[in-house]
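S.K.: Structure in structure tokens, see below.
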Amino acid sequence: MGKLDGKIGLITGGSDGIGFATAQHFLNEGAAHVFIIGRRQDALNEAIKKLGNKKVTAIQSDTSNLNDLDKLFDTIKNKQGHLDPNHSVYAATKAALRSFARTWTVDLKERKIRVNTLSPGPIDTPGLRKATNNEEQRKQMYASLASGTVMGHVGTADEIAKAAVFLPMSKITATGSRRKEAGKPPDPAGKQRK
Ligand SMILES: NC(=O)c1ccc[n+]([C@@H]2O[C@H](COP(=O)([O-])OP(=O)(O)OC[C@H]3O[C@@H](n4cnc5c(N)ncnc54)[C@H](OP(=O)(O)O)[C@@H]3O)[C@@H](O)[C@H]2O)c1
């Protein structure tokens, strides 16, 4: 039995990096259907090919475009009726997103929708690699990022995807939590951030 049997997921940015790895793990854990979105159709096509699973729908959609979002949710409603949400609009800044999540925890609890945020440290993805111009620069940046983390390494998309699988599991009732994942620096003096 998979950890996400029967769940329906939407993975924003699911064509690459952390989002793509998360889509793979959702399917491996028995999700009933996974929608992935991104702006580049060729990247979505490639992702569908790599996932090789009939339970995935790729939708070209830009999270910063409200018309795209309306169309996206219409498509999800027509195809699957509902979502078991874990991710939400990614266009907000990370701080604003965490703030939204705290409020949604309360707003959505009557509808039995849980809201949690994942906060990755530096993760080796195409997106992070694009921040440098060549291999030498990439090595320097990774060494510098790794030196600021507890475990002394840049994390993998897989590590984050495993945490993303944990949160929608039916047995878990966590809501309003912020999980700090792979590669995060320690809090000063061991203080927990809220
Ligand atoms: N990698 C890290 O070290 C790290 C650490 C902390 C947080 N994060 C956050 O984690 C998220 C994923 O990062 P990543 O490193 O996996 O990035 P990535 O490898 O560049 O992948 C980004 C994915 O998001 C899609 N995307 C980008 N803008 C979009 C938009 N407006 N609408 C819909 N889809 C969009 C991209 O496809 P298209 O380009 O085709 O749209 C792609 O599928 C980002 O929000 C990033 O800030 C990353």
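The values are calculated or read from the model by the stated rules, or taken from the named source; none is laboratory data. Note that the structure is predicted; figures quoted are calculated from it, not measured. All Cβ positions, glycine included, derive from the backbone under ideal geometry; neighbour counts span all protein chains shown.
S.K.: Hey, among the residues in segment 16-33 that are surrounded by fewer than 24 Cβ atoms within 10 Å (Cβ to Cβ) and over 12 Å from the mean Cα position of the chain (by Cα), which one's nearest to ASP5 (Cα to Cα)?
M.R.: Looking at the filtered set, the residue picked out is GLY30.
S.K.: Continuing with this model, one more query. Can you spot a residue in segment 27-42 that is away from the ligand (no atom under 15 Å from the Cβ) and either among the hydroxyl-bearing types (Ser, Thr, Tyr) or at pLDDT below 90 (or both)?
M.R.: There is no residue in segment 27-42 that is away from the ligand (no atom under 15 Å from the Cβ) and either among the hydroxyl-bearing types (Ser, Thr, Tyr) or at pLDDT below 90 (or both).
S.K.: Return the residue satisfying two criteria in turn: it lies in segment 59-86 and is within 10 Å of the ligand (Cβ to nearest atom) and outside any helix (DSSP H, G or I), and of such residues it is nearest to GLY6 (Cα to Cα).
M.R.: Filtering first and then ranking leaves ILE59.
S.K.: Another question about this same structure. Restrict the check to segment 75-83 and report whether at least one residue is at pLDDT below 85, loosely packed, with under 15 Cβ neighbours inside 10 Å and within 27 Å of GLY30 (Cα to Cα).
M.R.: Looking through segment 75-83, at least one residue is at pLDDT below 85, loosely packed, with under 15 Cβ neighbours inside 10 Å and within 27 Å of GLY30 (Cα to Cα).
S.K.: Looking at segment 1-26 only, could you name the residues that are within 21 Å of LEU69 (Cα to Cα), more than 13 Å from the ligand (Cβ to nearest atom) and in a loop (DSSP other than H, G, I, E, B)?
M.R.: LYS7
S.K.: Do any helices (runs of 4 or more DSSP H) entirely within segment 92-159 hold 1 or more residues that are touching an Asp or Glu at 6+ places or on another chain (Cβ under 6 Å) and either at pLDDT below 90 or not basic (Lys, Arg) (or both), and if so, which?
M.R.: Counting at least 1 such residues, we get 126-129.
S.K.: Does LYS54 count as assigned to a loop (DSSP other than H, G, I, E, B) and without any contact (Cβ under 8 Å) to a residue 60 or more places away in the chain?
M.R.: It is true that LYS54 is assigned to a loop (DSSP other than H, G, I, E, B) and without any contact (Cβ under 8 Å) to a residue 60 or more places away in the chain.
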